[in-house]
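Below: one structure, written as structure tokens.
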Amino acid sequence: MTFKEKVNTLLVEGLVDKPSIFLIDLVVTDAFKVIVNLDGDNGVALQDCIDVSRFIDANLDREEQDYSLEVASVGVGSPLKMVRQYKKNIGRTLIVKTGTENIEAELVEANDDFVILSWKAREPKKIGKGKETVQKRLEIPYGDIKEAIVTVTF
């Protein structure tokens, strides 16, 4: 079993007692720096990161392999990577990049296959001059999404 596989197994075990917390990314560099990024259905508390870090640290032997460990929650502005992240952000505004366009819209639905975005746009009137505001709605399969980021509004 490789070092990364060992850490991944420990992560799975360490998160068993925290079903609302899930792994977003695990990176082990060539210098054995372990970087763990977590997210949660209700966010990630500092104590959650501490608990996971301590669990991993307590179950790895530094005599066997020297390493450094960094456990953190995903930050504001981090791209969404998992369906579970989309589902927890329903009702929030996303900037979604596809192969052909960038869309800033409200995430109104997320299931296991696609997301549905809704936004208002100004378009030329069908009859006459000028523009009118129309409600747009688009279903996008996850495979078509290159990047999606939650926008922060103050």
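The values are calculated or read from the model by the stated rules, or taken from the named source; none is laboratory data. On a predicted model such as this, the values are computed, not experimentally measured, just so you know. When we count neighbours, we look across all protein chains shown, and the Cβ atoms used for this are built from the backbone with ideal geometry, even at glycine. Note: accessible area is taken over every heavy atom of the protein model, side chains too, but ligands, DNA and RNA are not part of it. Shrake-Rupley method; radii C 1.70, N 1.55, O 1.52, S 1.80 Å.
Remark: the stretch 74-89, residue by residue, has Karplus-estimated 3J(HN,Hα) of 5, x, 4, x, 6, x, 6, 10, 10, 4, 4, 5, 4, 4, 6, 9 Hz, where x stands for each Gly or Pro and the curve is 6.51 cos²θ - 1.76 cosθ + 1.60 at θ = phi - 60°. Sparse packing (at most 12 other Cβ atoms within 10 Å of the Cβ) combined with a DSSP loop state is found for the following trypsin sites (Lys or Arg not before Pro) in the stretch 1-84: Arg62. Taking a point 7 Å from the Cα of Ile116 along the Cα-to-Cβ direction, the residues of the stretch 123-154 with backbone N closer than 12 Å to it are 137-140.
For Rg/Rh (Cα atoms, Kirkwood Rh), the candidate list reads (i) 1.13; (ii) 0.94; (iii) 0.99; the entry that matches the value derived from this model is (i). Taking every alpha-carbon pair in the stretch 72-154 and binning the separations at 10 Å intervals from zero gives 17, 47, 24, 10, 2, 0 percent.
Return the subset of Lys33/Lys146; Lys33/Lys88; Lys4/Lys88; Lys87/Lys146 for which the Cα-Cα distance in this structure is over 20 Å, preserving the input order.
Working: Lys33/Lys146 28 Å; Lys33/Lys88 30 Å; Lys4/Lys88 28 Å; Lys87/Lys146 17 Å.
Exceeds cut-off: Lys33/Lys146; Lys33/Lys88; Lys4/Lys88.
How high is the relative contact order of the chain, in percent, with contacts defined as C-alpha pairs under 8 Å that are six or more residues apart? Intermediate results must be reported in sequence, preceding the final value.
Details: 245 pairs, mean separation 27.7, N = 154.
Relative contact order, the chain: 18 percent.
With all protein chains in place and a 1.4 Å probe, the accessible surface of the chain carries 49 percent carbon and sulfur.
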